[in-house]
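Note sheet for the following structure.
The values are calculated or read from the model by the stated rules, or taken from the named source; none is laboratory data. Bear in mind the structure is a predicted one, so any value in this text is a computation, not a measurement. Don't worry about glycine lacking a Cβ; one is built from the backbone with ideal geometry, like all the others, and counts go over all protein chains shown.
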Amino acid sequence: SKEIIQNAKDRDALYVNLNDYQLLIEKQIAKLNAAKPFSSVILPITPDFERIIKANYPDYDYNHETATDPFIVDHHMRRDRSEVIAAKEEAIQLRKHRCN
């Protein structure tokens, strides 16, 4: 995220308050480095961006509540990764055979 902001040619196209967003990123990095537990964040999107979203998605409702549904919160831990694991193992085996 830091690189995206730093490398953005048109920062207005990001549709976020850059100062607030950079502060948010720095805080999140510090929390990760300190092994703090997850906490949700509210992206500092601009009013223009919210209008664009609402124009394209009339049913859109910006929700400030933290998701508690285990399907959402723990999705990355509960999803079936067997296909991904098998594909990685196959790629490793192919590389081993090519090197021999």
(request) Return the pairs, sorted by first residue and then second, in which the second residue is at pLDDT 80 or above and surrounded by 12 or more Cβ atoms within 10 Å (Cβ to Cβ), the first residue lies in the stretch 27-42 and is over 20 Å from Tyr15 (Cβ atoms), the beta carbons are less than 8 Å apart, and the residues are 6+ apart or on different chains. (result) Ser39/Lys31
(request) Could you pull out every one of the helices (runs of 4 or more DSSP H) wholly within the stretch 38-100 that has 3 or more residues that are loosely packed, with under 10 Cβ neighbours inside 10 Å and at pLDDT 80 or above? (result) 47-56, 82-99
(request) Test Thr66 against the criterion of being of a type in the set (Val, Ile, Thr) and out of contact with any strand residue (DSSP E or B) (no Cβ under 9 Å at 6 or more places or on another chain), and give yes or no. (result) yes
(request) May I ask you to list the residues in the stretch 34-53 that are more than 20 Å from Asp69 (Cα to Cα) and among the aromatic types (Phe, Trp, Tyr)? (result) Phe49
